Amino acid sequence: MFDIGMFEMFVIVVLAIIVVGPRDLPKMLRTAGQMVRKIKALGQEFQTGIKQIADEVELEEVTRKLNEAGNIPMENVERRPDITDDDLDGQDAETPASSPSDDVSGEEVGQLESDKAKGTTP
């Protein structure tokens with residue numbers, strides 16, 4: 001981080017002992033350590049806040065892109081049934097249409113496929 005060599009560090013220590021004095025030097029170093037700790041905590045809090053804001057913006061952007069891709073407006077969305085009367089073809093509206101696979105078991109499907117391959121379908 002800092003490009004300080006041994007000679008520069010020695011000069012800083014000698015100046016600190018001369019200016020502050022040997023008796024008050026530990027108190028000054030303790031205070032400096034507490035200030036550095038507070039500055040690091042503030043930097044971490046700032047970084048966390050910025051990251052949280054970026055995540056929210058990214059989430060909003062993804063939501064906007066999905067809505068644009070689906071071409072679905074966010075407001076005034078009408079609820080319509082997926083099945084119309086034409087799709088039911090005379091079946092009861094409350095009973096869904098059964099697919100052919102609902103009536104056939106796994107073994108019967110295998111037998112039908114093998115018969116189809118042989119050319120002897122019923």
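Points worth noting:
- Rounded accessible area of E56 (nearest 10 Å², 1.4 Å probe): 100
- Computed lengthening from Q52 to N67, 0.36 nm per intervening residue step minus Cα-Cα distance: 3.1 nm
- Nearest-10 value in Å² for the accessible area of I50, using the 1.4 Å probe: 90
The values are calculated or read from the model by the stated rules, or taken from the named source; none is laboratory data. For clarity, every value in this text was computed on a predicted model and none was experimentally measured. Areas reflect the complete protein model, heavy atoms only, side chains present, ligands, DNA and RNA absent. Shrake-Rupley method; radii C 1.70, N 1.55, O 1.52, S 1.80 Å.
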